[in-house]
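Encoded as structure tokens, the structure appears first; notes follow it.
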Amino acid sequence: VQLQASGGGLVQAGGSLRLSCAASGRTLRNYGVGWFRQAPGLEREFVAAVHRMSGVSYADSVKGRFTVSRDNAKITVYLQMNSLKPEDTAVYYCAAGSGVITSNMASAAAYGNWGQGTLVTVSS
């Protein structure tokens, strides 16, 4: 499945952005979808995920600020990011996996399909 992430941009600290992840020509109904990010010079890290049954998981660094959700038709997965901080600056990737369950949602290895990434820059 081909994924398209969008919605990145430049925002001031304290601001909000909403990222979207959609699959070309199909729904994400049967997939768990995760958001990961990679800042310059750092390794990719888990941000948030939602599995097929809509269970969610968040990295500690974004809990209470970010919300992952699906639309009702399960075509698009969103990452609502509020109270953004300069340390949230990164390229954000969405990924989909058919075998994503609660116990592996934070593992990149659970996701076999990756989008191209969208850049989020938070200025101080």
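The values are calculated or read from the model by the stated rules, or taken from the named source; none is laboratory data. Keep in mind that what you see is a predicted model, and the values were worked out from it rather than measured. Please note: Cβ atoms are built from the backbone with ideal geometry, for glycine as well, and neighbour counts cover all protein chains shown. The protein model used for the area step is the full one, side chains on, heavy atoms only, and it has no ligands, DNA or RNA in it. Shrake-Rupley method; radii C 1.70, N 1.55, O 1.52, S 1.80 Å.
Solvent exposure of the chain amounts to 49 Å² per residue of accessible area, where only protein heavy atoms count and the probe is 1.4 Å.
Surface composition of the chain: carbon plus sulfur atoms contribute 47% of the solvent-accessible area (1.4 Å probe, protein chains only, all chains present). Using only side-chain charges placed at the Cβ, +1 for Lys and Arg and -1 for Asp and Glu, the dipole size of the chain relative to its Cα centre rounds to 380 debye. Measuring only protein heavy atoms, the 1.4 Å probe finds Ser54 accessible over about 60 Å².
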